[in-house]
Amino acid sequence: MSLLHLPPPSPSRLTSLRNSFSVITLNSLRVSSQRCRFNQSRLTLTPTASLTVDSHSPTTSSGRGSTEEGDSPKVLLEVRDLTAVIAESKAQILKGVNLVIREGEIHAIMGKNGSGKSTFSKVLVGHPDYEVTGGSAIFKGENLLDMDPEERSLFGLFMSFQSPIEIPGVSNMDFLNMAYNARMRKLGRKELGPIEFYEVISRKLDVVNMKIDFLNRNVNEGFSGGERKRNEILQLAVLGADLSVLDEIDSGLDVDALQDVAKAVNGLLTPKNSVLMITHYQRLLDYIRPNYIHIMDDGRIVKTGDISIAKVLEKEGYKAISSA
Amino acid sequence: MATVTFSPPFRFSPISSFPSKFRTRTRFIIPPLSSLTPRAALSDPFVLEIAQTLEDSVSTPSPSSLPPPPLQKLRDTSSESILSMSWPTRKDEPFRFIDTSFIKQSRIHPIPIPSPSSDLAGISSDTQFPSLVIVDGHIVPSASQLSGFPDGVYVGSISGISSEAIMEKVLQLVSDFHDGDLFWSLNGIGAPDVTVIFVPAGCQVEKPLHLRFYSREGGEIGSNYMPLSSPRVLVLVEKGGEIGIIEEYSGGDADKCYWANSVIQLALEEEAKIHHSYIQAQTASAAHIKWTFVRQESSSNYELVEISAGGKLSRHNLHVQQVGPDTITELSAFHLSVSDQTQDLHSRLVLDHPRGYSRQLHKSIVAHSSGQAVFDGNIKVNRYAQQTDAGQLTKNLLLEPRATVNVKPNLQIIADDVKCSHGAAISDLEEDQIFYFQARGIDLETTRKALVFAFGSEVVERLPYNSLKKKVQSHVKALLETTSGGAP
């Protein structure tokens, strides 16, 4: 426990440290996650510091999240003891999720199928299939759970869908224009007609490496898996977000598409905004480097660490983590 | 939803062949009950009365101005067939879901030829295509614009045909269809003219022909006075020919009451191709009943896109008859009921030859609590129609409590080596689609409007001409704006 209160490491120390994940650190990590994950004292720490403590092996490739020593970035999202059920069957999926995300951080949630990762991301954006039964989610200081889905979006929360739905009869261009104008209205800025908006959007297409005719097609209709994911990122590029939840943005992508999507996401990052990735595979984490990796199991985050957790996962599977 | 039964509601007495060009015309005499002949025993006095009125409206004053033989033949066969018909009621299967009584309760008055000096200012000319204007069933040459067709193409009144060969073909086709109903026959009796469109063999007409049907005469609502027009068109495309037809209906004053009883026949010879766009935008109090009869020879290609949004009562009877193998038939329809109105499509596709390919999509939106949509789509795959590939789908969106849709997609298959599918869906908007919009910050009202509009777009987008597509889109948009359909 006392380890958690170590001062933040200096940048030179961070860069010199190598990944040296071990079963022992895993054990200590698990203990800490069970006992005091994200409690009050945790909030005083800079994230990178806690990483260092947990694993003795920080990966600081991005160096994000602790730009100034001792000056902790603001908390963006704080989820406490969040529980949720499927609205129809009342089956409990989330059994007390705790998570804190600060400005500029990249987090990844990994876990087996059915562990609740996707449910968690859907609950955050207010999907009607799920009902929150307890706990809290504070986003930018406001109660997220009180907001309608569109308010959450306008307030700066974006989720890329795992399987974006087809909208026959609505062109991608019109859809983006509607979403863009909703945002402009919220910000009290001028809404754009189709011609002005075309100017805005055509510049963004390069971000996801898509051709202009992409805009004339109906939303996701007949899109390949890769095109759907690119389209989600295009929406993110046009709308912007303080926190982007990327739900399996890597599934169904070949390496080229994955690189394009990752490059686009990296290009959108600023010291202020944050990303929460949901993924099965370490592959994505090679392209978008997280500060934190959380392991989800049976509706809870059971372990938090750095990129080295993912390496253990890749080699030995979830068993190595849950049995460790 | 599907059924595989079909029982014709009317039994028609076989039409005798006409050995001579002229035949004495059947006169309608409404007999006193006691003197009914056995055949007339089935007659409906109301039907005979309308038939009589219609016949009087087209009767020619002197023998010197006799109608061309095909028109005479049409009138004769129609008069013949009507003797055994009665006004439909809800007990007749094809009319189970529609109420035609408001027509029956009106004083029906066939509209005479407008005087040449008539004011045609109300008829807009916003078309970029060659167009033929037909006002209350009568061609108005002065308002039409028919230049630019290739040599050999004929567009105009049946009386203007000079080629004997064409006249002969028209004569054969004009009363070639024996599965019509009362309204088919009433049109045959009352049609003042037949508009003939002839495309010779191998001729591909680049620009579509825009047929603009306009209803100008109307009775005041509540006046019980219902003017009736009976426009009739025959399209004949010879081997390898190709043309696009836009058939558009509209009316004048929004609060006028009228009845348009229209028929279009399309005959496609071998390898002929017709793209047919049908836009029904009659005024809100109108009755609109239309027949489309298509005859497809081998390897011909017929594509129909229908958008029906007007009228208080709109009924489209569509019959496609395959008369050779390897035909392609694509039928799409979008029906919109935004007020106390009924949109009805009864379609029948009869396949008698091998390797026919057909797709049918019907979509309807009912956005009013007393609005209604009806679809009865029958596909008959007969014994010799092996390797038929037929698909049929109907999707319906009900936006108000008590809004009604009655759908009956049905396949009758006798051949044993075929690929056929059909389906029906009736729903509100899809939750997942709504959520996708909301997740991008778009409010519910905007979302619903966009999704409702998009529902019809699937069909509207199939219209082949951009200017027409845009015009229809803004019309549909305006109609949807008038409803609460966009609101949660």
With the Cα gyration tensor of the stretch B:420-488 giving a ≥ b ≥ c as the square roots of its eigenvalues, does the rule (a/c under 1.5 for rounded; else a/b larger than b/c for prolate; else oblate) give rounded, prolate or oblate?
oblate
Share of antiparallel DSSP beta bridges in chain B, in percent to the nearest 5?
5 percent
Residue-wise HN-Hα coupling along the stretch B:453-470, computed from phi with Karplus coefficients 6.51, -1.76, 1.60 (Hz; x: Gly, Pro)
4, 5, 4, x, 4, 3, 8, 4, 5, 7, 4, x, 10, 4, 5, 5, 4, 4
In this model, which of B:K395/B:K477; B:K419/B:K449; A:K74/A:K112; B:K395/B:K449; A:K140/A:K211 are farther than 26 Å apart at the alpha-carbon?
B:K419/B:K449; A:K74/A:K112; A:K140/A:K211
Qualifying aspartates and glutamates (Cα of each under 13 Å from Cα of B:K408; at least 8 residues distant if same chain):
B:E93, B:D344, B:D376
For the modelled label position 7 Å from the Cα of B:H109 along Cα-to-Cβ, which residues of the stretch B:199-229 have backbone nitrogen atoms closer than 17 Å?
B:215-229
Please compute the contact order of the stretch A:262-324 in relative form: average sequence separation of alpha-carbon pairs under 8 Å and at least six residues apart, divided by the residue count, as a percent.
24 percent
Taking the Cα centre of each part, how many Å lie between the stretch B:379-393 and the stretch B:273-351?
19 Å
Please work out the Cα center distance from the stretch A:230-277 to the stretch B:425-458, rounded to the nearest Å.
25 Å
With 10 angstrom as the radius, rank A:K90, B:K169 by how many other C-beta atoms surround their C-beta, starting from the fewest.
A:K90, B:K169
Please give every one of the aspartates and glutamates within straight-line cross-link reach of A:K311, meaning a C-alpha to C-alpha distance under 14 Å, and leave out same-chain neighbours fewer than 8 residues apart.
A:D286
Quick one: order B:E303, A:E221 by neighbouring beta-carbon count within 10 Å, fewest to most.
A:E221, B:E303
Selection from B:Y384, B:V405, B:A425 lying farthest towards where the dipole of the stretch B:381-434 points positive, charges on Cβ
B:Y384
For the stretch B:174-181, Karplus-derived ³J(HN,Hα) couplings (6.51, -1.76, 1.60; θ = phi - 60°; whole Hz; x for glycine and proline) come out as 4, 10, 7, 10, 10, 10, x, 10
About the Cα centre, and with charges only on the beta carbon of Lys, Arg (+1) and Asp, Glu (-1), how big is the dipole of the stretch A:75-320? Nearest 20 debye, please.
460 debye
Would you mind classifying the stretch A:90-141 by shape? Square roots of the alpha carbon gyration tensor eigenvalues, ordered a ≥ b ≥ c; an a/c under 1.5 is rounded, otherwise it is prolate if a/b is larger than b/c and oblate if not.
oblate
Rounded to whole Hz and in sequence order, give me ³J(HN,Hα) for the stretch B:126-137 from the Karplus expression 6.51 cos²θ - 1.76 cosθ + 1.60, θ = phi - 60°, writing x for Gly and Pro.
8, 10, 9, 10, x, 9, 10, 9, 10, 9, 6, x
Test of understanding: what is the full-extension gain from B:L429 to B:E206, defined as 0.36 nm times their sequence separation minus their Cα-Cα distance?
76.3 nm
Along the Cα→Cβ direction, 7 angstrom out, place labels at A:K90 and B:S467. What is the inter-label distance in nm?
6.3 nm
By per-residue mean of other Cβ atoms within 10 Å, what is the highest-first order of B:307-317, A:145-155, B:435-445?
B:307-317, B:435-445, A:145-155
Amide H contacts of A:I109 (H built 1.01 Å from N, under 5 Å, at least 5 apart or other chain)
A:M277, A:I278, A:T279, A:H294
Between B:G252 and residues 5 or more places away or on another chain, which pairs have amide H atoms under 5 Å apart, with H built 1.01 Å from N, and which residues are they?
B:S215
Average partner coverage of A:149-162, which counts Cβ from other chains inside 10 Å
4
If you average the sequence gap of Cα pairs under 8 Å that are 6 or more apart and divide by the length of the stretch B:270-409, what percent do you get for the contact order?
20 percent
Determine the shape class of the stretch B:283-323: with a ≥ b ≥ c the square roots of the Cα gyration tensor eigenvalues, call it rounded for a/c under 1.5, and otherwise prolate if a/b is greater than b/c, oblate otherwise.
prolate
Report the gain in length on full extension from B:D99 to B:Q387: 0.36 nm times residue separation, minus Cα-Cα distance, nm rounded to one decimal.
99.8 nm
The residues A:M210, B:M226, sorted from fewest to most surrounding Cβ atoms within 10 Å, come out as A:M210, B:M226
Enumerate the lysines that B:K207 could reach by cross-link, defined here as Cα to Cα under 19 Å, with residues fewer than 8 away along the same chain left out.
B:K239, B:K273, B:K469, B:K470, B:K471
Given contacts defined as C-alpha pairs under 8 Å and at least six residues apart, what's the relative contact order of the stretch B:303-377, whole-number percent?
37 percent
Non-local residues with an amide H under 5 Å from the amide H of B:K273, with H modelled 1.01 Å from N and Pro and chain starts lacking one, are B:G241, B:E242, B:I243, B:N301
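Any read-out appearing in this document is the output of simple, stated calculations on the displayed coordinates, not a laboratory observation. Computed from a predicted model, the values in this text were never measured in an experiment. Every residue, glycine among them, receives a Cβ derived from its backbone with ideal geometry; neighbour counts consider all protein chains shown.
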